[in-house]
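Student: My structure is below; once you've seen it, I'll send some questions.
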Amino acid sequence: MLSRLLKEHQARQSERRELQERRRRDAIAAATRLTEALVDHLNVGVAQAYVNQRKLDQEVKTLQVQAAQFARQTGHWISMVENFNQALKEIGDVENWARSIEMDMRTIATALEYIYKGQLQ
């Protein structure tokens, strides 16, 4: 009877150990799955951030190229406007010169007219 109780006790302890070991393995497996799920979730965010960063870097490079092109084009436009202004100033100078010559010619014509009229009288 004592030996039977001892065997039953040992059998129950063995079952409990097996049950405990099974639960421990299940808990470890569940913790592993949870950890993997969390890491996967974080990795998705990190991967998306990396993709976004690469897109931003590409956009920055494109913007830098376009800004440099715009600066060159603006410089060209400024040069053209300055040349145009200079040409307008030169036209104004020629116009003033032409007016001055015209006034001189009128003065000479008037003087010649007076002289011619004076000789006829």
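The values are calculated or read from the model by the stated rules, or taken from the named source; none is laboratory data. Please read these numbers as outputs of a predicted model, since none were measured by experiment. All Cβ positions, even for glycine, are placed from backbone atoms using ideal geometry, and neighbour counts span all protein chains on display. Accessible surface areas use protein heavy atoms only, side chains included; no ligands, DNA or RNA. Shrake-Rupley method; radii C 1.70, N 1.55, O 1.52, S 1.80 Å.
Student: Looking at this structure, is Gln13 open to solvent by less than 70 Å² (accessible area, probe 1.4 Å), of a type in the set (S, T, N, Q) and out of contact with any helix residue (DSSP H, G or I) (no Cβ under 8 Å at 6 or more places or on another chain)? Show your work before the answer.
Tutor: Details: open to solvent by less than 70 Å² (accessible area, probe 1.4 Å): yes; of a type in the set (S, T, N, Q): yes; out of contact with any helix residue (DSSP H, G or I) (no Cβ under 8 Å at 6 or more places or on another chain): yes.
Here the answer is yes, as Gln13 does meet what is asked.
Student: Here's a follow-up. For the stretch 35-64, enumerate the residues that are open to solvent by 80 Å² or more (accessible area, probe 1.4 Å), modelled with pLDDT of 90 or more and among the hydrophobic types (A, V, I, L, M, F, W, C).
Tutor: Leu56, Leu63 - these are the residues of the stretch 35-64 that are open to solvent by 80 Å² or more (accessible area, probe 1.4 Å), modelled with pLDDT of 90 or more and among the hydrophobic types (A, V, I, L, M, F, W, C).
Student: For the stretch 109-121, what are the residues that are part of a helix (DSSP H, G or I) and open to solvent by 90 Å² or more (accessible area, probe 1.4 Å)?
Tutor: Leu112, Glu113, Tyr114, Ile115, Tyr116, Lys117, Gln119, Leu120
Student: Kindly indicate whether Met80 is over 31 Å from the mean Cα position of the chain (by Cα), modelled with pLDDT of 90 or more, in a helix (DSSP H, G or I) and of a type in the set (A, V, I, L, M, F, W, C).
Tutor: So Met80 fails the test.
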